[in-house]
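Okay, structure first, notes after.
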Amino acid sequence: MTTLTKADWGTLEAELPEDGLVTDPIELITYEVDGGLDRGVPQAVAFPRSPDDVVGLVRWAAEHGMPLVARGAGTGLSGGAVPSQGGLVLSFSRMKEVLELDEKGRSVVAQPGVVNLTLDEMVKRRGLYYPPDPASGRSATLGGNLAENAGGPHCFKYGVTTNYVTGLQVVTANGELMRTGGRALDYPEYDFTGLLVGSEGTLAIVTEASLRLMRNPQGVRTLMASFDSVEAAGEAVSVLIAQGLVPATMEMMDRNMVGIIEDYIHAGLPTEAAAMLIVEADGYPESLDPQMDEITHILGQQGARDLRVANTAAEREQIWYGRKSAFGAISRISPAYYVADGTVPRSKLASALAGVNQICDRYDLRVGYVFHAGDGNLHPLLLFDPRDEEMVERVHQAGQEIMELCVAQDGSISGEHGVGVSKRGYMPLMYSADELAAMREIKELFDPDNRLNPGKVLPPDANSYAEAVVSFESEPLASPILPESDEEAAKALRAAQAAGQQVYIRGGRDRVASATSDTSGAAWLSSERLRGIVTYAPEDLYVTARAGTPLAELQEMLTADGLWTPLISPWAESTLGGLLATDLNSPQRMRYGAIRDQVLGVRVVLPDGRRLRYGRPVVKNVAGYDMVKLFIGAYGTLGLVTEVTLRLVPLPRARRSLLAAVGDLGSGLALGQALLDLSFVASAVLLCAGCSRPPEMAPSPYLFVLTAEGHPQDVAAELDAARAALEVAGVDGVLETEVLAGVDLWAELLSGGGSYGRVGLSPKDLSAYLQANGSVLNGDSTPHVVDFASGLIHVAPAETGQVLALREPALALGGYAVLASSNGEGDSHFDRWGYAPETLSLMRRLKERWDPANCLNPGVFLV
């Protein structure tokens with residue numbers, strides 16, 4: 001690192017707003033640490049106020065060979081914000097504006113310095129909800145949440161930070177301001193947004209985030225239950241889930257921790273219990289009593305006692321104040337603590353806790369537990385005195401063994417706190433040399449000079465893979481290539497690289513993706529023999545299947561146990577690998593999330609033949625870069641997915657739809673927005689043209705559909721509210737049905753076999769866009785489905801001229817219009833995508849790195 005003079009710092013200070021730079025050694029002490037144990041001394045701290053300030057700082061740091069560390073509130077627990085190699089810290093405490101709050105489209109654009117709790121309270125005042133809620137949310141910022149992919153108690157039901165990020169504005173290591181994703185969904189680009197979330201500031205510096213929101217639950221009910229053992233409490237959690245219940249949260253603490261917290265804040269916690277469980281249910285008020293009655297009945301059968309339901313908001317807040325004060329309470333009785341936030345599959349929670357206790361007993365360490373029981377995220381807090389060097393060594397040895405224990409149970413070394421400095425040495429426990437090398441290549445792609453937060457995430461010996469040597473001497477492969485294992489697939493792809501031969505992937509009987517390049521001399525690789533279930537764990541709500549497994553076959557097996565994976569395809573022959581590659585999302589995403597939210601892990605073979613595994617069968621895993629996201633929607637251009645791990649959910653107990661005939665586009669758009677505003681358990685809010693309808697409904701240009709699913713009382717309440725809104729709008733002849741759902745109409749539209757077009761927009765722009773451009777669809781004569789929640793328009797069959805006409809106005813609004821699939825007819829030179837993401841250069845470089853001969857699916861996607 002370059003030694004800088006006072007004049008150098010003065011030059012930088014002059015370029016920043018007033019009080020924009022701190023170099024005083026006393027003031028810098030605050031920035032040497034975060035909430036963990038690691039320390040590092042920065043040369044200076046800068047306080048940018050705008051993205052342009054960040055650009056200038058990054059370019060200045062590059063010029064002077066200075067490491068950069070982005071910092072939020074410093075509440076992290078893994079050393080992620082610690083300047084372990086010195087350098088310049090960028091504090092985002094002055095970039096704390098909410099730039100846009102779109103109530104209609106349920107989204108928000110915010111700067112990284114916005115405090116998590118501030119955002120949550122702001123959107124709740126407008127009837128909306130941002131679910132990620134880390135325990136440090138009272139002070140933690142969005143930038144830190146994004147860096148660590150923060151979770152919190154409610155992630156069991158609602159997911160973690162990455163599930164709510166649709167786009168980012170970032171500054172790259174070379175000082176370029178760049179956008180990934182945006183306000184629309186399913187952009188045709190590699191999912192660098194998903195990759196950047198959880199990357200701990202090592203790939204780029206976030207200056208703005210686009211986030212999706214939900215409707216705030218109308219009611220919440222919280223209870224505490226006492227158990228005679230941690231094992232009994234864990235078993236009660238498993239039974240609740242097995243009965244098809246999905247509480248908003250399930251949190252557990254052991255007697256040690258309950259006593260420590262109670263002595264600190266006197267929250268009325270049950271100090272005599274061996275374990276305490278907090279269970280929270282949410283939904284419409286009509287559903288809360290039935291949910292709580294069932295929960296308390298099951299817990300009672302499992303040995304729970306002293307069940308206390310919070311009857312007021314103040315009582316509920318007191319319970320949660322106790323839970324979220326755990327770390328502060330520990331600080332009162334111990335000079336320091338080490339949090340080993342590993343994660344294991346839920347059914348292995350009791351055995352993992354027993355193992356941790358044995359480890360701590362062996363090292364003579366006091367330990368207390370706070371953990372997210374619903375998702376298996378352990379938080380053993382090892383108490384120690386940092387002045388006792390021998391004790392510190394025992395803590396580190398115990399931490400290593402706890403991480404080994406979690407990994408041995410197919411878990412992760414970090415569920416939500418990140419790797420940072422403290423856990424980077426444990427990364428080889430989870431990942432092979434090839435897997436770490438691929439992550440290193442991602443780091444080198446984004447930050448070739450290792451300037452951004454160096455010394456974090458990756459272990460120091462994680463070297464990139466040697467560049468593949470491409471020769472053209474091998475014999476071409478014959479079609480079809482039918483691998484039965486990862487090893488066979490790797491051998492075939494290595495041979496193709498050596499021969500410079502193109503290889504196109506298809507599922508067992510999936511429609512072949514259209515290629516824009518000459519496919520003569522190419523080989524076809526089919527996944528039809530990569531089929532079957534690898535692991536089925538209903539108690540842990542996941543299944544691992546090979547990529548050639550038909551989705552319909554998997555769903556049939558799951559349905560027998562009252563489960564399913566929330567994926568839908570219009571085509572019965574669709575395979576899991578094909579769905580992932582194309583990222584084809586149905587309207588049900590508004591209820592359950594997109595494909596990217598269902599995939600917990602993959603096995604993949606890169607074009608150079610490396611066999612990699614990323615992800616684990618747990619909801620929360622922030623160990624390293626989220627490499628899984630790269631392969632979803634990449635159209636097979638980055639690798640062959642051979643195995644997929646999917647999360648499961650209980651089948652909805654009720655599903656009903658309201659259908660209404662609509663005479664014109666304007667009326668249909670107004671209805672869609674009005675009913676989207678009130679939706680909470682809706683799985684579709686659609687306007688359909690050219691769709692079939694029940695015979696008892698009169699013909700009309702458009703059909704409006706709202707489908708709701710979930711607890712019967714929630715579904716009934718939502719349909720009652722929707723029916724009242726339709727009545728106010730003067731709509732009569734509304735039909736209620738359990739037979740037809742919105743997703744059925746979407747699937748029917750796409751299954752026709754013709755070309756399929758898709759327009760993606762921010763939901764807030766959807767109605768105005770259709771009012772201005774609906775004539776391109778010839779009114780109602782071209783079959784199409786408008787998905788209000790997702791901002792998508794699905795058109796089938798789609799003509800190239802229509803796609804072109806829809807494209808320019810969509811691009812002007814920050815959206816896109818693509819010919820997502822083609823029947824092979826029409827202009828072979830037509831640009832299906834018509835979209836150039838700001839990340840296109842990075843996409844091409846990644847493709848070149850992993851597929852130097854451009855052998856795998858060339859011409860199928862943008863790269």
Residues (among the aliphatic types (A, V, I, L, M) and at pLDDT 95 or above) located in the stretch 123-145: Val123, Leu128, Ala140, Leu142
Of the criteria (1) over 29 Å from Leu203 (Cα atoms); (2) in contact (Cβ under 8 Å) with a residue 12 or more places away in the chain; (3) open to solvent by 10 Å² or more (accessible area, probe 1.4 Å), which one Val392 fails: (2)
Residue match in the stretch 681-693 (condition: part of a loop (DSSP other than H, G, I, E, B), modelled with pLDDT under 95 and over 30 Å from Leu580 (Cα atoms)): yes
Output for the stretch 663-675, where each listed residue is open to solvent by 10 Å² or more (accessible area, probe 1.4 Å) and either assigned to a helix (DSSP H, G or I) or touching a strand residue (DSSP E or B) at 6+ places or on another chain (Cβ under 7 Å) (or both): Leu665, Gly666, Ser667, Ala670, Leu671, Gln673, Ala674
The lone exception for Ser514 - which of (1) more than 23 Å from Met627 (Cα to Cα); (2) at pLDDT 90 or above; (3) hydroxyl-bearing (Ser, Thr, Tyr) it fails: (2)
Residue check, Asn256 modelled with pLDDT under 95, open to solvent by 10 Å² or more (accessible area, probe 1.4 Å) and among the polar types (S, T, N, Q): yes
Wholly within the stretch 1-91, helices (runs of 4 or more DSSP H) carrying at least 3 residues that are under 27 Å from Glu208 (Cβ atoms) and touching a residue at least 24 places away in the same chain (Cβ under 8 Å): 51-63
Odd one out for Trp571 among (1) at pLDDT 95 or above; (2) under 19 Å from Ile632 (Cα atoms): (1)
So Gly201, is it within 30 Å of Pro454 (Cα to Cα), open to solvent by 10 Å² or more (accessible area, probe 1.4 Å), outside any strand (DSSP E or B) and in contact with a Gly (Cβ under 9 Å, 6 or more places away or on another chain): yes
Unique residue being out of contact with any His (no Cβ under 9 Å at 6 or more places or on another chain), more than 25 Å from Ala717 (Cβ to Cβ), surrounded by 19 or more Cβ atoms within 10 Å (Cβ to Cβ) and modelled with pLDDT under 95 when the list is Ser751, Ser755, Ser767: Ser755
Helices (runs of 4 or more DSSP H) completely within the stretch 285-381 that count 2 or more residues being small (Gly, Ala, Ser) and under 30 Å from Lys423 (Cα atoms): 326-333, 349-362
Counted residues, the stretch 537-592 - those being open to solvent by 10 Å² or more (accessible area, probe 1.4 Å), of a type in the set (Gly, Ala, Ser) and either in contact with a Lys or Arg (Cβ under 7 Å, 6 or more places away or on another chain) or at positive phi (or both): 1
Hits in the stretch 1-38 - residues which are of a type in the set (D, E, K, R) and under 30 Å from the mean Cα position of the chain (by Cα): Asp34, Asp38
Residue ID - surrounded by the most Cβ atoms within 10 Å (Cβ to Cβ), chosen from residues in the stretch 310-365 that are β-branched (Val, Ile, Thr) and out of contact with any Leu (no Cβ under 6 Å at 6 or more places or on another chain): Thr343
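Residue-by-condition table, conditions (1) closer than 17 Å to Val681 by Cα; (2) of a type in the set (A, V, I, L, M, F, W, C):
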site	(1), (2)
Met697	no, yes
Tyr702	no, no
Ala721	yes, yes
Ala724	yes, yes
Gly730	no, no
Leu735	no, yes
Ala741	yes, yes
Gly752	no, no
Positions within the stretch 401-442 being open to solvent by 10 Å² or more (accessible area, probe 1.4 Å), touching a residue at least 60 places away in the same chain (Cβ under 8 Å), in a helix (DSSP H, G or I) and out of contact with any helix residue (DSSP H, G or I) (no Cβ under 8 Å at 6 or more places or on another chain), in sequence order: Asp434, Glu435
Helices (runs of 4 or more DSSP H) contained in the stretch 705-804 and holding at least 1 residues polar (S, T, N, Q): 712-728, 766-773
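The values are calculated or read from the model by the stated rules, or taken from the named source; none is laboratory data. Because the structure is a prediction, the values reported are computed rather than measured. Here the Cβ is made from the backbone with ideal geometry for all residues, glycine too, and neighbour counts use every protein chain on show. Note: areas computed on protein heavy atoms with side chains; ligands, DNA, RNA excluded. Shrake-Rupley method; radii C 1.70, N 1.55, O 1.52, S 1.80 Å.
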